[in-house]
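Everything on this sheet refers to the single structure shown next.
The values are calculated or read from the model by the stated rules, or taken from the named source; none is laboratory data. Since the structure is predicted, the reported quantities are computational estimates derived from the model, not experimental observations. In this analysis, Cβ positions are derived from the backbone assuming ideal geometry, glycine residues included, and neighbour counts consider all displayed protein chains. Heavy atoms of the whole protein, side chains included, go into the accessibility calculation; ligands, DNA and RNA do not. Shrake-Rupley method; radii C 1.70, N 1.55, O 1.52, S 1.80 Å.
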Amino acid sequence: MNAIDVSPSKTTVPRSSFDTGGNNFSIFNGDPKRIQRANAVDPKSFDCQIVISPNPLALGMVKTGTPNPVMKLTFTVHNHGKKTYTLSFPTAQRWDFRITSSTGTPIYVYSDNCEFEQKVGVSMVNHDDTLTYSELVEFSDLNAPLVPGTYTVEAVLSNYPEMKAQAPLVVQP
């Protein structure tokens, strides 16, 4: 039996199977700007939230607890819009966390301690779906020791700086 080489290129497929004429919509002859607008991500269709655990944080309990204490940061991105969105990312990084002191000095930036694969990726988010990202931050990774006061924890979706959330972290003695 002989093998047949089938190529899905336009040179081997009859033109009528992909060209619908001038007035009918086709992905092959559609307006690129129209397609780009249809695929645009509307940040207003997303709710972003960050949860810090434990919060408030009692330093006295931390010092007597585990030898290397941690806090858990959880970032959620919820699509409350009516359509499915495709979020694209230029690298393997999907989020970033930042902890800043009351003076605005960063004491922790997640991406400073990471190296991300240079691989393009996408996440499809349907209506009412939620993306969740979590990170355990060891206190030894902080640039400065925690002292009593209020800190700001911010999370941002990579490649979408308008999709972010922040919350206060209260550190008690």
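Here are the numbers:
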| item | result |
| --- | --- |
| FRET efficiency, L142 to A92 (Cβ-Cβ, R0 25 Å, nearest 0.05) | 0.55 |
| Rough spin-label spacing in nm, given labels placed 7 Å along Cα→Cβ, for Q49 and E162 | 2.3 |
| Solvent-accessible area per residue for the range 71-173 (1.4 angstrom probe, square angstrom) | 54 |
| Distance in nm between pseudo-label sites at T74 and D42 (7 Å out along the Cβ direction from Cα) | 2.9 |
| Apportionment of accessible area to carbon and sulfur, the range 65-107, percent (1.4 Å) | 56 |
| Nearest-10 value in Å² for the accessible area of E117, using the 1.4 Å probe | 120 |
| Calculated FRET efficiency for the pair T152/D129, C-beta based, R₀ 30 Å, to 0.05 | 0.60 |
| Estimated dipole of the range 78-173 in Debye, rounded to 20 [Cβ of Lys and Arg +1, of Asp and Glu -1, Cα centre] | 340 |
